[in-house]
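Asks: Pasting in a structure now, in C-alpha cells, and then I'll have a few things to ask.
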Amino acid sequence: MADIAFLLLIFFLAATTMDSDTGLMRQLPAIPDPNVPQDVNKINDRNILEVKVNKDNLLLVEGQLTEFSQLREIAHDFILNANDEPNKPEKEVVNIPFLGNVAVSKAVISLQNDIGTKYGVYIAVQNELIAARSKLRDNLARQEFGMPYDRLDEDRKGAVDDFFKVPISEAEPKRIGGDK
Amino acid sequence: MAKFIKTGGKSVKSLNTSSLPDIVFMILFFFMAVTTMRETDVMVTVRIPEATEGKVLEKKSLASFVYIGEPLEAFQGLYGTEPKIQLNDTFKELADIQDFIAQEREQLNEADKTKMLVVLKIDRDTRMGVVTDVKQALRRASALKIMYANTNVDKITHIY
C-alpha cells in the first residue's frame with residue numbers, strides 16, 4: 001500500500017509545478033473602428049505626463065532626461081498636483097459615491113517606447129508608474145476609510161479608482177518604413 | 001515498579017508501519033491540491049523581469065501563455081538566436097497568434113470567454129519591437145486582458 005502511495009507521490013512531484021505566476025495586469029485598448037469617427041477632443045497638454053524611453057534605455061519625462069529612480073516621485077507629484085500648479089493637471093469636481101463632491105485630477109500618463117527599448121526597462125517603467133498610482137490610491141483609502149486599499153470592498157475600491165483614474169496610455173505604435 | 005524491569009529477550013520490536021500508507025497518502029493529496037500540471041516545455045530562455053507591483057494570477061485556467069525569448073541552445077541550430085514566439089509547444093510566427101487565441105478561447109466555457117487572460121512571459125533582454133508586434137496581434141484578436149509576467153521583489157535593484 002505504502003509503495004503504491006509513494007509511487008503516486010513521486011509521479012506528482014515530477015509532473016507538477018508549484019510556482020504561482022505574478023505579473024502586471026494591463027488592459028489593451030481595442031483596435032479603433034475605422035467607421036466610427038474618432039474622438040478628436042485633444043487632452044489638454046498640462047494633463048499629460050509624457051514618458052518616453054529610447055533605444056538606449058534612457059528616460060525622458062516631459063522632455064527632461066530623468067534618472068529612473070526619480071520617476072515614481074515625479075509621477076506621484078504630477079498626479080496629485082497638491083499646490084494646483086498651472087503646469088500640472090487640472091482638477092474637475094465630480095460626485096463619487098462614498099467620497100461626495102471632490103476635485104479629481106485629470107492626469108493621464110502617456111508612455112512611449114522605441115522598438116529598440118529593452119523589455120526589462122519597459123516593465124520597470126510601467127512598474128514605477130503603476131506604483132505611483134497605487135500609492136496614491138492606498139493613501140486615499142487610508143485617509144477616507146481608515147484601511148489599506150487591498151482590504152476595501154469592491155464598491156469602495158471603485159470609488160478610490162474613480163478618484164485616481166490616471167489611465168496609462170500607450171501611443172499607437174508607429175512604424176516608419178512600412179510593414180515587416 | 002515491576003513494569004520497568006526488563007524481562008525476557010532483548011530484541012527491539014520493529015516500528016509499527018501500519019499507518020505509513022495514511023501518511024504518504026496525506027502528503028500525496030497535499031501535493032495534488034497545491035500543484036498544477038506542467039503544461040508546456042518552455043523552449044526559449046525566459047528570464048522574467050523584476051517588479052514590485054505584480055499581482056498573483058488567481059485563475060490559471062483562464063490564462064493562455066505566450067513565451068518570447070531566445071531559443072534554447074538545443075534549438076538554436078534550427079531557429080537561430082533571434083527572439084522567437086512560443087505558443088503551446090511549438091515556435092510560432094506573429095501571424096499564428098490570432099488562431100492561437102481563437103483556439104484558446106474556444107476551450108473556455110461561455111461565461112469565462114470575456115475573462116480570458118493572456119500571460120506574456122518575455123525575456124527581459126527582448127527588444128520592444130517584437131513585444132509591440134505581439135501586443136498589436138493580441139489587439140486584433142481582441143484578447144485585451146494581458147498580464148506581463150514578472151517576479152515580485154521588494155525593490156528593483158537592477159535595471160536591465
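Asks: Could you run through segment B:121-158 and say how many residues are part of a helix (DSSP H, G or I), in contact (Cβ under 8 Å) with a residue 40 or more places away in the chain and either at the interface with another protein chain (Cβ under 7 Å from one of its Cβ atoms) or touching a Cys at 6+ places or on another chain (Cβ under 6 Å) (or both)?
Replies: Going residue by residue through segment B:121-158, those that are part of a helix (DSSP H, G or I) are B:128-140.
Now restrict to residues that are in contact (Cβ under 8 Å) with a residue 40 or more places away in the chain: B:130-131, B:134, B:137-138, B:140.
Then keep just the ones that are either at the interface with another protein chain (Cβ under 7 Å from one of its Cβ atoms) or touching a Cys at 6+ places or on another chain (Cβ under 6 Å) (or both); that gives B:131, B:138, B:140.
Of the residues in that region, 3 qualify.
Asks: Please tell me if A:Phe11 is within 14 Å of chain B (Cβ to nearest Cβ), of a type in the set (Phe, Trp, Tyr) and more than 29 Å from B:Leu117 (Cβ to Cβ).
Replies: Values: within 14 Å of chain B (Cβ to nearest Cβ): yes; of a type in the set (Phe, Trp, Tyr): yes; more than 29 Å from B:Leu117 (Cβ to Cβ): yes.
Here the answer is yes, as A:Phe11 does meet what is asked.
Asks: State whether one or more residues within segment A:60-82 are within 14 Å of chain B (Cβ to nearest Cβ), in a strand (DSSP E or B), touching a residue at least 24 places away in the same chain (Cβ under 8 Å) and of a type outside the set (Phe, Trp, Tyr).
Replies: We begin by selecting, within segment A:60-82, every residue within 14 Å of chain B (Cβ to nearest Cβ); these are A:66-72, A:75-76.
With the extra rule that they be in a strand (DSSP E or B), the set shrinks to A:66.
From what's left, touching a residue at least 24 places away in the same chain (Cβ under 8 Å): none.
Within segment A:60-82, none of the residues are within 14 Å of chain B (Cβ to nearest Cβ), in a strand (DSSP E or B), touching a residue at least 24 places away in the same chain (Cβ under 8 Å) and of a type outside the set (Phe, Trp, Tyr).
Asks: Let me ask something additional. Looking at the structure I just gave you, is A:Leu140 in a helix (DSSP H, G or I), under 19 Å from A:His76 (Cα atoms) and more than 14 Å from every other protein chain (Cβ to nearest Cβ)?
Replies: Details: in a helix (DSSP H, G or I): yes; under 19 Å from A:His76 (Cα atoms): yes; more than 14 Å from every other protein chain (Cβ to nearest Cβ): yes.
Criteria met by A:Leu140.
Asks: Just for segment A:11-59: of the residues that are touching a helix residue (DSSP H, G or I) at 6+ places or on another chain (Cβ under 8 Å) and in contact (Cβ under 8 Å) with a residue 24 or more places away in the chain, which one is surrounded by the fewest Cβ atoms within 10 Å (Cβ to Cβ)? I'd like the intermediate steps shown before the answer.
Replies: Residues of segment A:11-59 touching a helix residue (DSSP H, G or I) at 6+ places or on another chain (Cβ under 8 Å): A:12-13, A:16, A:18, A:21, A:24, A:26, A:28-31, A:49, A:51, A:53, A:57, A:59.
Of the ones still in play, those that are also in contact (Cβ under 8 Å) with a residue 24 or more places away in the chain are A:24, A:26, A:29, A:49, A:51, A:53, A:57, A:59.
Details: A:Leu24: 20, A:Arg26: 16, A:Pro29: 11, A:Leu49: 24, A:Val51: 23, A:Val53: 23, A:Asn57: 19, A:Leu59: 21.
Looking at the filtered set, the residue picked out is A:Pro29.
Asks: Within 14 Å of chain A (Cβ to nearest Cβ), surrounded by 20 or more Cβ atoms within 10 Å (Cβ to Cβ) and closer than 25 Å to B:Glu50 by Cβ: is that true of B:Ile97 in this structure? First the steps, then the outcome.
Replies: Details: within 14 Å of chain A (Cβ to nearest Cβ): yes; surrounded by 20 or more Cβ atoms within 10 Å (Cβ to Cβ): yes; closer than 25 Å to B:Glu50 by Cβ: no.
In short, no.
Asks: Then there is this: Within segment B:33-57, how many residues are of a type in the set (A, V, I, L, M) and facing another protein chain (nearest Cβ under 7 Å)?
Replies: Just the residues of segment B:33-57 that are of a type in the set (A, V, I, L, M), to begin with: B:33-34, B:37, B:42-44, B:46, B:48, B:51, B:56-57.
Restricting the remaining residues to those that are facing another protein chain (nearest Cβ under 7 Å) gives B:34, B:37, B:51, B:56-57.
Counting residues in segment B:33-57 that are of a type in the set (A, V, I, L, M) and facing another protein chain (nearest Cβ under 7 Å) gives 5.
Read the figures in this text as sums done on the coordinates, not as results from a lab. Note that this is a predicted model, so its numbers are computed, not measured. When we count neighbours, we look across all protein chains shown, and the Cβ atoms used for this are built from the backbone with ideal geometry, even at glycine.
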